[in-house]
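The values are calculated or read from the model by the stated rules, or taken from the named source; none is laboratory data. Not measured: the values here are computed from a predicted model. Every residue, glycine as well, gets a Cβ built from its backbone with ideal geometry; the counts of neighbours run over all protein chains shown. Surface areas here come from the heavy atoms of the whole protein model, side chains and all, with no ligands, DNA or RNA. Shrake-Rupley method; radii C 1.70, N 1.55, O 1.52, S 1.80 Å.
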Amino acid sequence: MIEVSNLRKEYGGFVAVEDSTFSVARGEVFGVVGPNGAGKTTTLKTLAGLIEPTAGTATVAGLPAGDPETAAILGFLPEESPLYEEMTATAYLEFFADLYDVPRAVARERIAETLDRLDLEHRERRIGNMSKGMKRKVAIARALVNDPEVLIFDEPASGLDPLTTNYIVEFTRELSEAGKTVVFSAHNLFHVESICDRVIIMADGNIVARGSLEEIREAHGGTTYHVYATVETAVGVAVRENGHVRHTVSDMDAVDDVRRRVETEGGRVVDIQTHTPSLEEIFLDVARREEAR
Amino acid sequence: MRLRRIGRIARWEVTKGAGTLDRKTVFALVVLALLVGVVGVSAFDDGGGLEDGIYVVGVDAESAEGDPYRQVVAASPEFRLEETTITAFRLGESDADVFVGGPRLLESDGSTKGDAAYAAFRDAIERYNYESMLAEPDEAAAFPVTVSVQYQERAPASADGSGSGDASSGGFDGSGAEGGAGSGGAPDGASSGSGEGGGLGIPDVGGGLGERIEAGTPSALSPPFPFGPLILAFLFVVPMNFVIQAYGSTILDERIKRRGELLLVSPASRYEIVAGKTLPYLLGLVAIVVVLAVALEGGVLSVLGALPIALVFLAATFVGAMLARSFKELTFVTVAISVFMTTYTFVPAIFTEVTAIALISPLTIVVMDLQGESVTLGQYLFSTGPFYLVAAVLFLLGIGLYREEDMFAQKAIPAKVVDALVSRLHGYRSVPLLSILFVPFVFVGQLLAVALLFPAPEALALPLLLVFAAAIEELAKSIHVYAGIARSRFDASLRTALVLGVLSGGGFFVGEKLTHAVQFVGLPDLPAGQVVFGQALTSDPLLVLALFLVPLVVHATTATISAIGASYGRTQYAAAFVLATLLHAGYNLGVILLVV
């Protein structure tokens with residue numbers, strides 16, 4: 001559905017995105033994560049047709065990003081919600097429906113349905129008088145006003161309370177289940193982990209990790225085993241923790257090796273745990289490595 | 001572009017904030033507008049009546065009803081009559097500020113107001129006498145001396161500062177009031193126009209074209225200065241200064257609050273967005289202009305003369321709002337546009353009856369229309385064509401900036417200008433095209449220079465014009481080439497610079513030929529015009545062809561010099577630009593020397 005090939009974007013002498021290549025399948029929820037200034041927003045805005053790449057290509061449904069036909073099948077939610085605060089939510093959404101050539105009757109029905117799903121009340125209230133969460137819901141409804149095939153959500157829950165955040169994450173999951181292709185960027189990696197099928201991790205304009213969460217974990221060490229013992233051995237990485245020594249090893253053979261050595265040295269194994277790294281841990285690990293470079 | 005979508009954006013632009021006004025505010029605004037309109041029209045029509053009855057004139061109670069002083073009081077609204085006696089007046093038992101009685105008695109009560117009333121009453125007597133003479137059936141008896149006055153076109157100042165006029169060269173005849181709409185000038189030279197037909201009259205100080213016979217005193221003579229129509233034409237420009245404030249704000253608002261981002265991701269193109277956002281303001285201005293034209297008894301020509309001014313106002317404001325980084329900067333930009341545009345349109349129009357240079361301003365077309373003069377198609381195109389083209393190019397450049405990277409980023413203004421130019425560069429073919437598109441700017445700039453410098457001594461004006469004319473042309477030929485190289489649209493090789501220079505120079509040569517429109521109005525007859533626009537040197541066809549092609553060689557050469565400089569960097573471009581300008585100015589000087 002989305003093909004990005006050798007994408008590069010420069011601002012003056014600054015390279016925001018460097019030779020980025022990835023693809024997103026139809027119906028997939030695709031996560032783009034990375035620290036501030038990694039090039040996430042530039043990548044998403046390029047897909048939305050807002051930014052012209054310096055080099056490389058970005059296509060959506062086979063059409064170049066930025067093409068009017070692409071815009072018609074795309075819903076973009078920027079990180080900030082710059083709404084027309086003097087308008088009511090309904091008038092605002094109807095205006096954008098008009099821009100997307102949605103027939104008036106269809107638009108009204110769709111707007112009402114979307115706002116119902118988003119549980120947005122006070123639809124005739126001026127947007128300027130709404131809370132931040134309500135405004136975000138209006139912004140999401142605007143991104144859906146043309147019933148797009150592809151949704152690009154840049155930090156959809158940025159600055160919102162946990163309740164609204166969970167609501168929006170769940171709503172995104174519903175959209176995915178309804179067959180929409182979603183490209184999703186968030187600082188809260190727990191949300192990315194919970195709804196994304198595949199992820200790219202960006203740092204300094206480069207993609208430093210990619211794939212499904214399992215693949216990324218595999219590439220960054222995968223599942224590890226923590227062997228807690230009363231004495232330290234030379235196997236694995238040993239760290240003192242809560243009065244015991246934690247040995248981190250990568251497979252069961254190593255676990256056996258630790259156990260034997262502990263017994264040899266007169267100690268005993270207190271506990272053995274498997275550990276699956278979260279996306280956040282991988283992200284922090286990657287970020288540290290990139291910073292060290 | 002889809003008209004339906006443009007219309008939808010235009011409707012939204014008008015209505016999006018409409019709901020924020022409550023009924024009371026709307027009512028108050030309507031009442032205020034009506035009040036301003038009524039007071040304005042009333043003040044224009046009769047001076048507002050603020051001085052009506054301000055002075056009390058004491059007249060002897062025993063004087064006859066036909067006493068001419070009573071007539072003077074009756075004819076002058078600033079006076080109120082009180083019947084009294086000289087004794088009562090002198091004892092302060094009367095409200096009168098002055099007392100008149102008998103043929104020689106006109107006396108102030110000694111107060112400041114009384115002295116003012118005394119002076120005003122003397123003027124009123126003179127005015128009354130003059131009007132009585134005008135009403136005299138035997139004109140020869142009233143004005144026994146006849147003076148023929150012939151106005152001559154002003155000759156430009158020569159090098160020694162002396163000017164000369166040639167009566168046979170088509171000077172303007174006629175003096176004093178124009179026939180038709182108004183009556184003759186008053187003795188003090190002030191306007192006393194009283195229109196016909198119930199509309200607002202066009203005061204008629206100054207003469208129109210053609211010969212007229214007018215009765216009056218020497219002090220009533222005035223040069224052919226279309227004061228009244230000029231002031232009325234100025235009314236067409238006034239609302240534009242206000243409308244651009246709102247227009248500039250709405251454009252900048254989209255940028256500052258990043259609201260335009262969501263419009264940009266919609267299927268609406270940036271052309272449609274800008275057209276939709278601009279349309280309400282343009283239509284609003286057109287509506288105001290139409291209402292003014294009807295109220296001032298102007299015709300379609302007044303509207304057609306004001307339209308290109310409105311377009312340039314909006315286009316310049318649009319570009320300004322795209323370049324400004326804050327509302328503070330926007331205020332500076334809009335004020336600069338107001339001052340420049342008002343000056344550019346108003347000052348030349350002052351010379352409507354004097355010189356063809358006046359036609360560089362479309363406001364002159366409005367003045368001519370309000371005076372009832374006819375305008376040829378050539379004059380109209382000459383006057384308005386550059387404005388239409390400048391507006392179109394400004395909008396195109398501004399739309400080039402109507403994109404995420406320029407709208408929402410805090411870029412330096414020169415960088416944005418370069419971006420705007422680069423947005424119009426799509427390969428080599430864009431280079432000559434842009435050179436052609438910049439010709440209207442060159443034309444307007446050179447016309448403005450001619451207008452500003454034509455009263456100056458030739459010894460000063462001609463060298464300045466030589467350099468300025470060359471510089472502005474070199475800028476038009478090279479700035480987009482520099483932008484293209486600076487933004488890597490073209491590689492910075494010598495070969496590419498040569499190609500770009502030749503293409504730009506060639507394009508400019510083609511565009512420059514369009515300036516032959518000036519032949520319609522004879523501007524090159526002026527020495528200053530010759531410097532800028534040149535004139536025929538020979539009738540030999542081969543020589544004519546050679547001379548026709550020489551400018552092509554010059555343009556290509558100088559544009560190439562600038563292009564080569566641009567390929568080495570900004571500083572080198574600046575140096576090459578200066579060199580190209582000097583070469584070009586030298587060529588211009590050679591042409592002038594050949595002519596003279």
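Structure above, values below:
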quantity	calculated
For the stretch B:53-133: rounded, prolate or oblate by the Cα gyration tensor [a/c cutoff 1.5]	oblate
Environment charge of A:PRO277, counting only residues whose C-beta is closer than 9 Å and scoring Lys/Arg +1, Asp/Glu -1	-2
With 5 Å bins from 0: P(r) over the stretch A:137-186, alpha-carbon pairs, percent	5, 20, 35, 28, 10, 2
Residues listed by number, the stretch A:79-96, amide nitrogen under 17 Å from A:ALA178 label point at 7 Å toward C-beta	A:93-94
The stretch A:21-110: Cα Rg divided by the 2.2 N^0.38 Å rule of thumb	1.27
Peptide-level mean, for A:89-101, of C-beta atoms on other protein chains within 10 Å	4
Over 21 Å [Cα-Cα, the stretch A:168-239], rounded percent	47
Semi-axis lengths (Å, descending) of the ellipsoid that matches the C-alpha gyration tensor of the stretch B:346-410	35, 12, 9
Relative frequency of Cα-Cα separations exceeding 21 Å in the stretch B:227-424, percent	51
Per residue Cα convex hull volume in Å³ - calculated over the stretch B:267-374	117
C-alpha center-to-center spacing [the stretch A:210-262, the stretch B:248-303] in angstrom	69
Loss of accessible area when B meets A, both sides summed, Å² nearest 100, probe 1.4 Å	2500
Most to least packed among B:421-427, B:105-111 [average Cβ atoms within 10 Å]	B:421-427, B:105-111
Ranked by how many other beta carbons lie within 10 Å on average, peptides A:269-275, A:137-143, A:1-7, B:276-282 from highest	A:137-143, B:276-282, A:1-7, A:269-275
Residues B:PHE332 and B:GLU83, FRET efficiency given R0 of 51 Å [Cβ-Cβ distance, rounded to 0.05]	0.25
Surface accessible to a 1.4 Å probe, per residue, for the residues of the stretch B:227-424, Å²	32
Number of partner chain Cβ atoms within 10 Å, mean per residue of B:262-274	6
Inter-label distance for A:LEU284 and A:VAL239, nm, one decimal - labels placed 7 Å from Cα along Cα-to-Cβ	0.9
The stretch A:223-275: relative contact order in percent, alpha carbon pairs under 8 Å with at least 6 residues between	48
Along each principal axis, Cα extent of the stretch A:2-218, largest first, Å	47, 35, 32
Burial ranking of peptide ranges A:235-248, A:182-195 (average Cβ count within 10 Å, highest at the top)	A:182-195, A:235-248
Calculated FRET efficiency for the pair B:THR146/B:ALA74, C-beta based, R₀ 45 Å, to 0.05	0.90
nm² value of the averaged projected area, convex hull over the Cα atoms of the stretch A:87-138	3.2
The stretch A:207-293: C-alpha gyration tensor shape, a/c 1.5 cut-off, then a/b vs b/c	prolate
Shielding by partners, peptide B:407-413 (average Cβ within 10 angstrom, other chains)	1
Bins of 10 Å, starting at 0 and running to the largest distance - Cα pair percent for the stretch B:403-500	14, 35, 28, 17, 5, 0
Separation between Cα centres of the stretch B:78-140 and the stretch A:45-106, rounded to whole Å	78
Violating pairs (Cα-Cα greater than 31 angstrom) within the set A:LYS135/B:LYS277; A:LYS180/B:LYS411; B:LYS277/B:LYS513; B:LYS16/B:LYS328; B:LYS257/B:LYS477	A:LYS180/B:LYS411; B:LYS277/B:LYS513; B:LYS257/B:LYS477
The stretch B:443-479 versus the stretch B:319-340: alpha-carbon centroid distance in Å	25
